[in-house]
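Step one of this worksheet: look at the structure below.
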Amino acid sequence: MTKDILFFDFKRKYRQNRNAIQRAISSVFERGWFILGPELERFEHNFAQYLKVPYAVGVNSGTDALYLALRALGVGKGDEVITVSHTATPTISAIRLTGAIPVFVDIDADTYNMDVRKIEPKITSRTKVILPVHLYGYPADPAAIMRVAKKHGLKVVEDAAQATGAYYRGKLAGTIGDIGCFSFYPTKNLGAFGDGGAIATRDKKLADTVRALRNYGEVSKFNNRIEGTNSRLDELQASLLSWSLTKLKGWNKKRERLASLYLKELRGLPLKLPPAKGAGKVPAWHLFVIRTARQEECDALRKFLAERGVGTMVHYPTPVFAQKAYSFLHYTSKDLPVTSAVATTIVSLPLYPELTVIEVKTVCRNIKLFYDRHYGRKR
């Protein structure tokens, strides 16, 4: 009997790196300094060097990275932020935390990222920021987005939560806009062992503002210049992330090799496969997302794989605009037809560095079997 193939296996990462992880943890406990200490400074320095930007500021989560980035840019109540609905809800939560209104544009049917052609008609006198999401680790089109932003005097905040290590024309995702925002949620390419996030920028004033905002608005001890919050990347996670950063390049290479194997094995099936490299874009392969022709086919495929021990997910089955919490925005599927169609026909397959070639081939073999049995695929 074959062993189940989990969608993500946190235990493997720990078991394969137990000694290094324990050393990173022990160093913090031996020092006895847990908040805003040398481990955070070290990680911020290393992460900024990796991204090739002057400033990186660690915060409590990817959601807070987005929220504090928007706050640093002066976004507040009544302002508008143009973004997408085909994203994790935290993208929108961060906008709402500022009091601003998310304005949704539809996505490109090939990349599932923001359709740049849809942006300008949505710009109003209240628009302050364009917030693209580099979804699934595939870069959006930041150059085109920056051109629109510059034309209209807007700022750009990149949601690079799923794209640590992705490139666009030689630049890392999250380093092209005014501020890039990263999540270190455990499943991310650069994952912590808990929550964590960071912003990256070339603007010292913005970095200093986020640094103050994350710690109650303090610019020095007991000196609060602005209203802030508590959003600090703790020493334990910072230490683990510094170690993880040394492994990131290798982990992303493994993701790329496994993604290439998926692309090879699934070629010729009646599926829409994710785009690979091209047009200056190099994905980080955070997720490997396939698309079926119909919702019924999608549901049947997931059920078939689950019965054979293969874990899958859908990112994301209900677009944010269709969530009850955001019904006050008054969007319908007619407003975002591509977003609506994609949500019902996509499947995310297992993809993480600890996954094996044999396991990927097993997933592919079962997908082929599904189409053989249910759709009469000819070999």
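The values are calculated or read from the model by the stated rules, or taken from the named source; none is laboratory data. Fair warning: this is a prediction, and the values are worked out from it, not measured in the lab. Note that we place each Cβ from the backbone using ideal geometry, even for glycine, and neighbour counts take in every protein chain shown. What goes into the accessible areas is simple: the full protein's heavy atoms, side chains included, and nothing from ligands, DNA or RNA. Shrake-Rupley method; radii C 1.70, N 1.55, O 1.52, S 1.80 Å.
With R₀ set to 22 Å, the beta-carbon distance separating ARG42 from GLN16 gives a calculated FRET efficiency near 0.40.
Extension gain, LEU273-ASP110: 0.36 nm per intervening residue step, less the Cα-Cα distance, totals 57.8 nm. For region 271-344, the pair-distance distribution built from all alpha carbon pairs, in bins 5 Å wide starting at 0, is 3, 13, 18, 20, 17, 16, 10, 3, 0 percent.
List the relative contact order of region 250-379 as a percent without decimals, with contacts defined as Cα pairs under 8 Å and 6+ residues apart. Before the final figure, lay out each step's value.
Values: 139 pairs, mean separation 45.3, N = 130.
Across region 250-379, relative contact order equals 35 percent.
Full extension of the chain between ARG365 and LYS253 gives 38.0 nm of extra length, using 0.36 nm per residue less the Cα-Cα distance.
When you filter the trypsin sites (Lys or Arg not before Pro) in region 58-117 for DSSP loop state and at most 10 other Cβ atoms inside 10 Å of their Cβ, you are left with LYS77. Per-residue packing, averaged as other Cβ atoms within 10 Å, sorts the ranges 216-229, 363-376 into the order 363-376, 216-229, beginning with the highest. Remark: C-alpha extents of the chain on the principal axes read 70, 54, 37 Å, sorted largest to smallest.
The charge dipole of the chain, taken about its Cα centre with unit charges on the Cβ atoms of Lys, Arg (+1), Asp and Glu (-1) only, comes to about 1120 debye. For ASN223 and LYS52, the difference between the fully extended length at 0.36 nm per residue and the C-alpha to C-alpha distance is 58.4 nm.
Can you pull the percent of the chain's accessible area that's carbon plus sulfur, 1.4 Å probe, other chains left in place? Don't jump to the answer; show the numbers that get you there.
Details: 8810 of 17100 Å².
The computed percentage sits at 52.
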